[in-house]
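Quick notes on the structure that follows.
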Amino acid sequence: MNPILCSTGCLIGRPNGRNIRLLESCIDRLECDGFEFMLYSDWYERLPEITAYLKSLPTTFPTLHCEKHIGEALSSGLPEDREEAFRRFRLNCELAEALGSERLVLHLWDGLASDSHIERNLEAYGRLWETAGEHGLELTVENVVCSRRDPWAHWLELLERYPDVSFTFDTKMAAFHEQLELLYRPENAWVGRHVHHLHVNDYGGGYKDWANLKTLHIGRGKLDFAPFFAWMRQEHYDGYLTVEATSFGADGSIDFESLNRSIRTIRGYMEGER
């Protein structure tokens, strides 16, 4: 059965002071098979400490989610911003390699710039891919929401330029652009060969509904996951799935019950119980 990961971003955020040491109290309370580590921008100066701490934990981090502002910096027309983005990406790679991770999830475009200057982001991919390879990592580009066009269009642009590109498919991101069903169309059979990681989350909004972009636990939105898991079986997808639904409250407390329910629901779908 496909391993299910929990994003550390579900657990650690501003309300609990981004206290990374909360992880050690979470491991035994979660029914996941490991974690997808989310690196925050204010942690770069603490990387040696963070690396040592994560390596000491009795769990694995098969996937690392790169710090999200990298894509935004790549959109800048300033050379110094671009070089800083590459510097930070290399630091993400070094952390992932130290943790024994297999792959990276990247927001190639993000932030206020989003895909407004997408040509700059697409052009940068080749150098990012080479850097990831130097560290023995697979780089996957997530279908991040767009303000100008849509993620599927940018995936096609990447595929045309870089035929071996790998993707992370996020169900919520796809639903935001009404693109979840694109997976199931015969003319898009190519996508199964390039999606090497999955984020499985629910969504409660409509088309490009920015006010409802919150990542929800499965069953708390409006997505029909039965066709999605049927597609997984059809494609013989054998990689990881990550739950990213925000699971801490305003007081920073973690909702383990909802997280474990999401994990069990995903397993039920994979076992054909739903």
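When Arg185 is tested against (1) within 26 Å of Phe61 (Cα to Cα); (2) among the basic types (Lys, Arg); (3) at pLDDT 95 or above, just one condition goes unmet, and that condition is (1). Among the residues of segment 196-212, those that are assigned to a loop (DSSP other than H, G, I, E, B) and open to solvent by less than 20 Å² (accessible area, probe 1.4 Å) comprise Val200, Asn201, Tyr203, Gly205.
Report yes if some residue within segment 145-166 is among the β-branched types (Val, Ile, Thr) and either part of a loop (DSSP other than H, G, I, E, B) or more than 19 Å from the chain's Cα centre (by Cα) (or both); otherwise report no. Scanning segment 145-166 turns up at least one residue that is among the β-branched types (Val, Ile, Thr) and either part of a loop (DSSP other than H, G, I, E, B) or more than 19 Å from the chain's Cα centre (by Cα) (or both). I'd like the residue in segment 225-274 that is of a type in the set (Val, Ile, Thr) and under 17 Å from the mean Cα position of the chain (by Cα) and, out of all such residues, is most open to solvent (accessible area, probe 1.4 Å). Applying the filter and picking the extreme gives Thr246. Restricted to segment 167-195, and to residues there that are in contact (Cβ under 8 Å) with a residue 40 or more places away in the chain and over 19 Å from the mean Cα position of the chain (by Cα), the residue that is least open to solvent (accessible area, probe 1.4 Å) is Tyr184. Taking into account only those residues within segment 2-34 that are assigned to a helix (DSSP H, G or I) and of a type in the set (Lys, Arg), which is nearest to the chain's Cα centre (by Cα)? Here the answer is Arg14. Residue-level check: of (1) outside any helix (DSSP H, G or I); (2) open to solvent by 20 Å² or more (accessible area, probe 1.4 Å); (3) in contact with a strand residue (DSSP E or B) (Cβ under 8 Å, 6 or more places away or on another chain), Trp129 misses just (1).
For Ile70, the criteria (1) open to solvent by 30 Å² or more (accessible area, probe 1.4 Å); (2) more than 23 Å from Gly34 (Cα to Cα); (3) touching a His at 6+ places or on another chain (Cβ under 8 Å); (4) part of a helix (DSSP H, G or I) hold in every case but one, which is (1).
If you go through segment 1-32 and keep only what is out of contact with any helix residue (DSSP H, G or I) (no Cβ under 9 Å at 6 or more places or on another chain), within 17 Å of Asn260 (Cβ to Cβ) and open to solvent by 30 Å² or more (accessible area, probe 1.4 Å), you end up with Pro3, Ser25, Asp28.
The values are calculated or read from the model by the stated rules, or taken from the named source; none is laboratory data. On a predicted model such as this, the values are computed, not experimentally measured, just so you know. Virtual Cβ from ideal backbone geometry, glycine too; neighbours counted across all protein chains shown. These area figures cover heavy atoms from the full protein model, side chains too; ligands, DNA and RNA do not enter into them. Shrake-Rupley method; radii C 1.70, N 1.55, O 1.52, S 1.80 Å.
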